[in-house]
Each structure stands twice: as structure tokens, then as C-alpha cells.
């Protein structure tokens, strides 16, 4: 694709993402989601740029499209992503050897 076509795609995706933020500010979350999805399909990098440029007032869209690897430990989005991680086969703390006499939650003692 030519540079002009890429620039046009990027500009269109930015317009859609900015329109999504405006729609959300007006309370129209369905339209905001639709516009942001269109922008993501057009040029994901443009969406990231728009959301990064407007981080001073994060919205639901920022959280919806945030990637845990982009956030640090002080970021609510990163903490939420980490705390919702389920590891199959993991033991309860008392069975994992974390406590000596068990947690007491299941009346199990060693």
C-alpha cells in the first residue's frame, strides 16, 4: 500500500477513535464501542495513539482496550488484569505449603 493510503487509513482511524471518545463522553457507550471497533480494524496503532493522548482523563474505553503489558504495577488496569488471572491446578494456600496449620477455612489441619 502506498504511503498516502497508509496515512489516509491512519487519519481515518484517528477520527473514528476520537469520535468514539466523544460518543462515550455523551453517554452513548454502544456507539462508542462500535466506533472504536471500526478504528481498531482500520489501524490499531492510531487507536493506541489517540487513547495515549487522552490518558489525562481515562474512560471505560481506555480500560477496555488496555493491554496488561502496557501498564505498570501502579496502574489499576494492570492490577485488575493480574488479579483476575486464574491458574488451573493451583492449590489453596494451606495445601500449597504456605501456612503450617492450614487456613482453617476448610477445617483441615495438618
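Are there any helices (runs of 4 or more DSSP H) wholly within segment 21-65 with 3 or more residues that are closer than 26 Å to residue 5 by Cα, and if so which? Let's see the steps before the verdict.
On the way: elements: 29-42, 44-53, 60-65.
The helices (runs of 4 or more DSSP H) meeting that bar are 29-42, 44-53.
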In segment 12-25, anything over 13 Å from residue 38 (Cβ atoms) and either in contact (Cβ under 8 Å) with a residue 12 or more places away in the chain or outside the structural domain of residue 45 (by TED's automatic domain parsing) (or both) is listed as 21, 24, 25
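The values are calculated or read from the model by the stated rules, or taken from the named source; none is laboratory data. Since the model is a prediction, treat every value here as computed from it, not as a measurement. In this analysis, Cβ positions are derived from the backbone assuming ideal geometry, glycine residues included, and neighbour counts consider all displayed protein chains.
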